[in-house]
Amino acid sequence: MPPKLSGAIGCAMWRRKAGNTIGEAKRNALVFLEETDELIRKAKGEQLDPEQQILSLMPDREQLKKDMDREGIDLHEVIGGFTREPMYLDDIGTPNHRYVELHELATGVLDGTAKPPKTADDLITLATLLKGPAVSTRKEWERHLEKLMEHSQRQFITALTREDALAYRQHLLSTTAASTTKTRLRFLSGLFNVAVDEGWIDTNPFEGLTKRIRSKATVKEVVRLDEADKNWYKLPKHHQLLWHILRWSGSHASEAAGLRWEDIDLDNGTISFKAHETRPLKNVFRERVIPIHPKLMEIFKGVDGDSSGLIFPWAYNPKRARWAEGMHWNDILGVSPKATRDWAASCLRMKDVNERTIGKLFGHSPSKTSITGVYGSVDIETMRRALDQLE
């Protein structure tokens, strides 16, 4: 509890049994968080909005029905106790959409069909507990949900309709590329599937919204690094070692940018890609040990590095929890950081290195349809012979 509110609440911390299984604990954790938020709201003197006030009647709806019958009041009078919204917008009886929503909610409370509203924060919290995403992925969820709620002008994700989802898709299509639209809609569909599975909503408003979106297929051309190899020294000095690592390892820019000095083993000639607090890896296959290319070994031996700690602390953006963004290498070298990975893959394939070895070097997830399965048989010496062919 916030220190300033612990007096009003009566304590600063309490313990509760979350459940007998991991599943129970994950679900109960969200309930406990909601209870905590409610206590904080009351301690701050915050007022519940009309929806929350109406829903607060749910546990006592049977008594409410009896009281309404005994006192001869109808549902309109009950709603009037929570809001000043008029039933009609004018003298000719134009329905007030806001009042209609509250009336439908109150009706649902009385007949037992109403569900407590859930916010975007509720959904993010639940999805995080269930899926355990990387920090950067959670921030992407938050960003896309925030933009959706702002566009739809909805307070609760449980109030969002199919029409809201269609309108948001139209907004994205008019403001972003088709491929970007599809990516954002997939993020949202995945999150709302969590709400469906939890029983918060009956259907996913974003289900199938990407089916008819056609993005232009692009044919990748082999981008050689000849000119970049001549001009890498034009990069800012603190970028140059990162260039060499990317150039001779084929790793992702975010993976290499998050390396620590202790991940570099010059004695055994290896680089270890391991997850850490600010640089989680996407999946178990990204966590790997690869050989150091001879040309990169020469570079490392000429570097006076620390014995521990991040090699490129400047490359981390804490606001987005991302590594190696906005380095603008294309302006200087004519290629992006990703071009080094693309070239490494193209080069090794042209040398007839098998896909299993390339997959192990690059941290690819094995195809589910592949007959070869996982990469267990690719040892470090096999990878070393393959990587030595990179030019």
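Can you find, among Ile299, Ser56, Pro95, the residue farthest towards the positive end of the dipole of the chain? Put +1 on the C-beta of Lys and Arg, -1 on that of Asp and Glu. Comparing the listed Cα positions along the dipole, Ile299 ranks first. Shape class for segment 226-387, computed from the alpha carbon gyration tensor (a ≥ b ≥ c): rounded, with a/c under 1.5. In the chain, the calculated helix contribution to ellipticity at 222 nm averages -15000 deg cm²/dmol per residue, counting -39,500 (n - 2.57) for every DSSP H run with n ≥ 4. Count neighbours as other Cβ atoms within 10 Å of each site's Cβ, and list the trypsin sites (Lys or Arg not before Pro) in segment 176-241 that are DSSP loop with at most 14 such neighbours. Those satisfying the criteria are Lys211, Arg212, Arg214, Lys216, Lys220, Arg224. The string of couplings for segment 236-249 from the Karplus curve (6.51, -1.76, 1.60, θ = phi - 60°) is x, 3, 6, 8, 5, 5, 4, 4, 5, 5, 5, 4, 10, 10 Hz, one whole number per residue in order, with x for Gly and Pro. Would you please classify the overall shape of segment 312-366 from the alpha carbon gyration tensor, given that a ≥ b ≥ c denote the square roots of the eigenvalues, rounded means a/c under 1.5, and beyond that prolate means a/b larger than b/c while oblate covers the rest? Here segment 312-366 falls in the oblate category. Out of the GluC sites (Glu not before Pro) in segment 176-233, which ones are loop residues according to DSSP with at most 10 other C-beta atoms within 10 Å? Here the GluC sites (Glu not before Pro) that fit, given the DSSP loop and packing criteria, are Glu221. For the chain, the Cβ-based charge dipole about the Cα centre amounts to some 1560 debye (Lys, Arg positive; Asp, Glu negative; other atoms uncharged). Applying Stokes-Einstein at 10 °C and 1.306 mPa s to the Kirkwood radius of the chain, computed over alpha-carbon pairs, gives a translational diffusion coefficient of 62 µm² s⁻¹. For segment 243-316, applying the loop criterion from DSSP together with a ceiling of 11 other beta carbons within 10 Å to the GluC sites (Glu not before Pro) yields Glu277. Taking every Cα-Cα distance in segment 107-253 and sorting them into 10 Å bins starting at zero, the pair-distance distribution P(r) comes out as 9, 30, 23, 18, 13, 4, 2, 0 percent.
Mind checking which of Asp352, Asp121, Asp202 has the largest fluctuation in a GNM of the chain, springs on alpha carbons under 10 Å? Top of the fluctuation ranking is Asp352.
Sort segment 175-293 into rounded, prolate or oblate with this rule: let a ≥ b ≥ c be the square roots of the eigenvalues of the Cα gyration tensor; rounded if a/c is under 1.5, and if a/c is not under 1.5, prolate when a/b is larger than b/c, oblate otherwise. Because a/c hits 1.5 or more and a/b fails to exceed b/c, segment 175-293 counts as oblate.
For the chain, the longest principal axis of the alpha carbon atoms and the long axis of helix 178-198 meet at an angle near 50°. Applying 1/(1 + (r/R0)^6) with r as the Cβ-Cβ distance of Lys115 and Lys230 and R0 = 51 angstrom yields a FRET efficiency of 0.20.
Bear in mind these aren't lab numbers, they're just calculated from the coordinates by the rules spelled out. Owing to the predicted nature of the structure, the values given are computational and were not obtained by experimental measurement. Note that we place each Cβ from the backbone using ideal geometry, even for glycine, and neighbour counts take in every protein chain shown.
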